[in-house]
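Reading through the structure tokens given below for one structure.
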Amino acid sequence: MKRSFFVVGLVVMLTVGVAPAHAQFTLLPRAPEGVDCRQLLDQYEVDGEIPSRKDVVTQQNQGTINSYKDLEADPALFADCISDNPVNPDACAEKEKAKQDAAEAQSEIDKAGEGDDQAALLGCAIKTGRISLQMIPYFITYLANFLLAMSGIVSVLFIVIGGYFYIYGGLVDQKERGKKYLVNALVGLSLAIVSWSLVTFIINAITS
């Protein structure tokens, strides 16, 4: 029994250690920081299309880019910063920092994909309370993806535990227990994938 707890604890620690620090498992989607949810939802209601990841990332970083453009457009600051002895070096340093931030923001926009960003739309809908019937299929798809990810993590955990008992178990009952873990984990993962595929197929058929 102690060995079982040790294996479970080891797998959990490895999972937490390998996972990125910013990774979070949330049942409900969250609105991205820096995004104008009203504008995003207004655009969805007019176009009837989910915003692309590029649009969402652009909206997140547009404020940083505009801040630098405002500094760049200041003629007094521009003339001061290009001189050899600037009168206000702190302002010039702030401008240089804003330039770097704007370059990073533009790089994030350029790297953004063109796929749909359902999570951003649903997060804004929850944040503002503007949930329409047209969004219900997207909520179902998001929930199905979440449950599939969680079932995959649980299945991998039990596969590791089952493999440990099956390989290193000294007694016959431990090997049988490990074999049972492996079979149940694989069956559960298969059922989860099949269920997710059916839900995705039905939702795509409805939304199309």
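In the range 20-35, the condition of being at pLDDT below 85, on the phi < 0 side of the Ramachandran plot and of a type in the set (Phe, Trp, Tyr) is met by at least one residue. Residues in the range 122-136: is at least one over 21 Å from Pro29 (Cα atoms), surrounded by 13 or more Cβ atoms within 10 Å (Cβ to Cβ) and polar (S, T, N, Q)? No.
Here's a check for you: in the range 160-183, which residue that is surrounded by fewer than 17 Cβ atoms within 10 Å (Cβ to Cβ) and of a type in the set (Val, Ile, Thr) is farthest from the chain's Cα centre (by Cα)? Out of the qualifying residues, it is Val172. Applying the criterion of at least 1 residues that are in contact (Cβ under 8 Å) with a residue 60 or more places away in the chain, of a type in the set (Val, Ile, Thr) and more than 27 Å from Ile50 (Cα to Cα) to the helices (runs of 4 or more DSSP H) found wholly in the range 76-182 leaves 136-168.
Being within 30 Å of Asp110 (Cβ to Cβ) and of a type in the set (Ser, Thr, Tyr) is the filter here; which residues of the range 62-90 pass it?
Within the range 62-90, Thr64, Ser67, Tyr68 qualify.
Among Ile50, Ile65, which is under 40 Å from the mean Cα position of the chain (by Cα), in contact (Cβ under 8 Å) with a residue 24 or more places away in the chain and outside any helix (DSSP H, G or I)? First the steps, then the outcome.
Numbers: Ile65 fails: outside any helix (DSSP H, G or I).
Matching residue, one of Ile50, Ile65: Ile50.
The values are calculated or read from the model by the stated rules, or taken from the named source; none is laboratory data. Predicted, not measured: the structure shown is a model, and the values here were computed from it. Virtual Cβ from ideal backbone geometry, glycine too; neighbours counted across all protein chains shown.
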